[in-house]
1. Mind checking which helices (runs of 4 or more DSSP H) fall wholly inside segment 72-166 and carry at least 1 residues that are crowded, with 18+ Cβ neighbours inside 10 Å and either out of contact with any helix residue (DSSP H, G or I) (no Cβ under 9 Å at 6 or more places or on another chain) or modelled with pLDDT under 75 (or both)?
2. Tell me, yes or no, whether segment 56-69 has at least one residue that is in contact with a helix residue (DSSP H, G or I) (Cβ under 8 Å, 6 or more places away or on another chain) and more than 24 Å from GLN12 (Cα to Cα).
3. From the set of residues in segment 1-31 that are open to solvent by less than 80 Å² (accessible area, probe 1.4 Å) and among the charged types (D, E, K, R), which is nearest to GLN59 (Cα to Cα)?
4. Can you name the number of the only condition in (1) surrounded by 20 or more Cβ atoms within 10 Å (Cβ to Cβ); (2) part of a strand (DSSP E or B); (3) of a type in the set (A, V, I, L, M) that VAL66 fails?
5. For residues that are assigned to a helix (DSSP H, G or I) and open to solvent by less than 20 Å² (accessible area, probe 1.4 Å), tally how many sit in segment 42-53.
6. I'm checking my understanding of the structure. Among residues of segment 32-41 that are more than 16 Å from HIS80 (Cβ to Cβ) and open to solvent by 20 Å² or more (accessible area, probe 1.4 Å), which one is nearest to the chain's Cα centre (by Cα)?
7. Pick from ASP87, ASP91: which is within 18 Å of GLY121 (Cβ to Cβ) and over 17 Å from the mean Cα position of the chain (by Cα)?
Amino acid sequence: AGFIESHASQVQFTVLDHHLYRCFTQGDASTPATQHTRNLRDANAGTPQMFARVSQKVQGAGGAFVVGEWSGALNPGSLHGVPNETDVRRDYIAAQLELYEQHCAGSFFWTYKKQHPGDKGWSLRDAVAAGVFPARVGLGHRDAVLRADPQRPARRDHARDASLGGFPDCIGFTWS
């Protein structure tokens, strides 16, 4: 973020990509899931402070802060003794979404679908089906304001054309 901030005059637009997981380290395993959730919601905790600081620097440089990978996965140690894993995981995912909504230009859940079904921590499709990931995520309260903005289509088209380097006919492709 500091590098982006110090080079703001040299680039038109920059995106800083961050990946956030709380399941790989011994510290993750020894932290209860409810504490992970509290840490995400506590504005004085390390992650929210870092997100606020980085977002401010990157936005100040005309860029965007994006969480390029995240999941609902928790280490089994974090879930030890949890009476209702679904509720705990739902709250953990909600805390992440709240943090990203507050500080980020976007976020991407890893992954849409795993080879073997049933993993509601790593598979978005399974998380939605299990009710731990909300069926609708997005702009929430800002939706109505943005939909009513008469400049929105022009800004969208300009951003699309700029990102495609002047090749707007590339829009509309499909993945197979």
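1. 85-103, 124-130
2. Checking segment 56-69: not a single residue is in contact with a helix residue (DSSP H, G or I) (Cβ under 8 Å, 6 or more places away or on another chain) and more than 24 Å from GLN12 (Cα to Cα).
3. For segment 1-31, the residue satisfying everything is ARG22.
4. That leaves (1) as the condition not met.
5. Total satisfying the criteria: 2.
6. ARG41
7. ASP87
The values are calculated or read from the model by the stated rules, or taken from the named source; none is laboratory data. Source: prediction; values computed, not measured. Virtual Cβ from ideal backbone geometry, glycine too; neighbours counted across all protein chains shown. Surface areas here come from the heavy atoms of the whole protein model, side chains and all, with no ligands, DNA or RNA. Shrake-Rupley method; radii C 1.70, N 1.55, O 1.52, S 1.80 Å.
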